[in-house]
1. Based solely on its DSSP helices, what 222 nm [θ] is calculated for the chain when runs of n ≥ 4 H residues each add -39,500 (n - 2.57) and the sum is averaged over all residues, nearest 500 deg cm²/dmol?
2. Per q in 0.13, 0.16 Å⁻¹, report the Debye log10 I(q)/I(0) for segment 313-504, using one uniform scatterer on each alpha carbon and no solvent.
3. Given points 7 Å out from each Cα along the Cα-Cβ axis, report the residue 499 to residue 40 separation in nanometres with one decimal.
4. Taking 0.36 nm per intervening residue step and subtracting the Cα-Cα distance, what contour gain separates residue 181 from residue 262 on full extension?
5. Taking 1 over the mean of 1/r across every pair of different Cα atoms in segment 126-263, what Kirkwood radius in Å do you get?
6. Hey, rough spin-label estimate for residue 355 and residue 295, points 7 angstrom out along Cα→Cβ, what's it come to in nanometres?
7. Out of all DSSP beta bridges in the chain, what portion is antiparallel? Express it as a percent rounded to 5.
8. With the Cα gyration tensor of segment 49-179 in hand, convert its eigenvalues to equivalent ellipsoid semi-axes via √(5λ) and list them largest first in whole Å.
């Protein structure tokens, strides 16, 4: 089944609903019932092809190495004078094999679907890797020290294990493609003939992993009919943002001619706040750029406008970073946390912890933990009133733990659980105000800071922007630092912020 074809019953029902005029027009960003129903079917996370091919690289490295070790143990049967040299050669051979397989593009999705078709190329690449290994041994004058039977047996074993692995993976990929586990979900922005041409071209590629979830367009006339190439128009661009908040969408494809510059720019200004890849289809454009300027969805050339930040293996690395340092933080600060909990209970009645709803990744609502710093009957979960200097709602213990940021330590549990990251834009209250105006009304593109998980500490806080927000410029500057962090993220950047946090917390000027 081609993944771009409507593959669920609800999609067919949606088409009929639009054809019959049954789907009501949506007001503002409120999704109509049909769009909401479709979005609910795409709430489950998917497996990225990039992650799958990456795991395969790691698996094949391990399997080739194990193959070499197994043949060595079976053939020699006992330790030799080169017992320590063999493992080094095995690791080098496994690494060289994976490198050359990558160089020959043998980790592409189309290759993984048809392992038998690409078996001759795989065998050629593996033979080349082993030939290079043998050549290195010859020039280093050590090849005579190694068993030729072992070397040939290792090549055969490595090929057999690799073929077996890819046969299993190809069966899994077919199953994952059928049940929607492995796919890239795309929304088409812009309807009419350009969208139809784009969809038909994508459908012609049997190996693409794109599932088109629907079409969104602000136009409502003959240029943008209700159904295009079998897919319903689900609403306007404002509704697209709400749809992408509900569903797990990977990509937005803008199907508008480059000549419509003002309309394209207007769309991008509204869409860049979403944590998705944004591509501009160049399929029907008369302009032609250098080949390296394009990426491709199947055979369709695309101009990369925005990339989803901290994606695929970067997200894995950041998650491991969070788990490791969160556990370390809980161990190191456990005496402080226990003492704080006791002090809070002795100082005033009420629970030790204070939980507050805040915006998380992709505007999802999360519950952030803190030590309670206010009197229980005067707590403000909605953050309607900003805490100011000398605020009578704050307890004696609360003043100290707020100034020293000890009240934030329970957020190590948030980070360990995955709702927060250790480093990222600080989460704000759901209805954060600056001088009687919501933050999103003050800062254009405010929600773009939610394209990554919020953090226990962040780049803005390291630069002295913490505490009370009593002026529009403060939230603007915080957002600027947050966006700068997102655009320049790296594990090294996270580590720098984490190490600087205790030093910068010594400045308690704005912490009340």
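1. Computed mean residue ellipticity for the chain: -15500 deg cm²/dmol.
2. -0.68, -1.06
3. 5.0
4. Full extension of this stretch gives 25.4 nm more.
5. The answer is 19.3 Å.
6. 3.8
7. So the antiparallel bridges in the chain amount to around 55 percent.
8. Working through the eigenvalues yields semi-axes of 30, 15, 12 Å.
Each value in this text was obtained by applying a stated rule to the coordinates, not by laboratory testing. Bear in mind that the values here come from a model prediction, so they are computed numbers and not experimental data. No Cβ is skipped: glycine too gets one built from the backbone with ideal geometry, and neighbour counts run over all protein chains shown.
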